[in-house]
Amino acid sequence: MAGHSRAGGTDSADSARAGAAQLIEKGSAVIAPVTVLTALFVYFGFVRTSAFYGYFGVNLGVLKLSIQDYVLRSVDVSFGAVSRLALVGALLIALDQGVAVALTRRAAGDHGDRALRWTLTASGAVLLVLGLTSAVSRAVTAVLNPLIGSALLALGAIMMVRFGSALLGDRDGSSGRRASVLTAVVLVISGFWAATLYAHELGQEGARSTDASVGRLPLVSVFSAEPLDLPGQDVSASRITVADQEYRYRYSGLSLLTYSNDRWFVITGRHSDEYHSSVAILRDSDAIRVEVAAVAKFQVGELAPGSAGGGGGEESGDPHPVVVGDA
């Protein structure tokens, strides 16, 4: 009886270990893709955010954004990139099917068939080299859009494998399998490259749009006990002469770009047409009080109150602000 009991205990332990191993294996199969996706979201969010704030000369090290911030900023990049890659993939599949139908209509061993395959393979090689060159040569990038270069890289690899494998006489299929793996690697690289370029362009486009319509941003008024050096054509400075006031100076006409890392990032205007809008960084402390007012709805083309060209300061009829920073 004791022997049977020990055997039964051993079987139970083995079953428990086997169940735990299966659970770990299933968990790893789920966690690994999630980890990769999260890393991609963080990376694309970083690229987009870096392009946006880099337009204004703001380094991301000053913002000190969290991983969650980068993930949230990558949502539009991810959906946009996936939709565009899916569209390109559908076009490539349709093109491949069309060429395959044209080839099957020719007799086996026909010279015209081989000539067409050689032409398509050579064209794929040219596209592949052109795509690779656009990734490393600034001279080519100046003429060829990098997004088009990544598409040419993928298209060239597909054409070389799709039509070149039949010309090599691969009987056991080993060369074809190696070529397919290489093609998959090239497709992953080109897709990653295209998504990175798309994220950068999305950030730059968002920054250009913000710079062109600063009047739509929240208005900012800064009160300080000591004078502040806030250069910019949109800034209007005034002195508060009321007695017993802790803050003696008021700066209006600024626009809120963002608030992060206990700092206010405000747009103060342009130094000249050769530069983008200037951004002043104010540490949130007891030395200043910051008031923010959301811009009311206005018609397209109409300047918001206190924006460039509309003046600012206490005498310009600023809207009643909402106090979000306290001294």
Practice item. Please work out how much length the chain gains when fully extended from THR119 to HIS276, using 0.36 nm per residue of separation minus the C-alpha to C-alpha distance, in nm with one decimal. Key: 51.6 nm
Review point. ALA184 to ILE67: FRET efficiency via 1/(1 + (r/R0)^6), r the Cβ-Cβ distance, R0 22 Å, to the nearest 0.05?
Key: 0.15
Exercise for review: Set the Förster radius R0 to 51 Å, insert the Cβ-Cβ distance between VAL126 and ARG283 as r into 1/(1 + (r/R0)^6), and round the FRET efficiency to 0.05.
Suggested key: 0.35
Exercise for review: Can you tell me the order of 194-202, 70-78, 266-274, 242-250 when each peptide is scored by its average per-residue count of other Cβ atoms within 10 angstrom, highest first?
Suggested key: 194-202, 70-78, 266-274, 242-250
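Every number here is computed from the coordinates shown, using simple stated rules; none is lab data. Computed from a predicted structure; not experimentally measured. We place every Cβ from the backbone using ideal geometry, glycine too, and count neighbours over all the protein chains shown.
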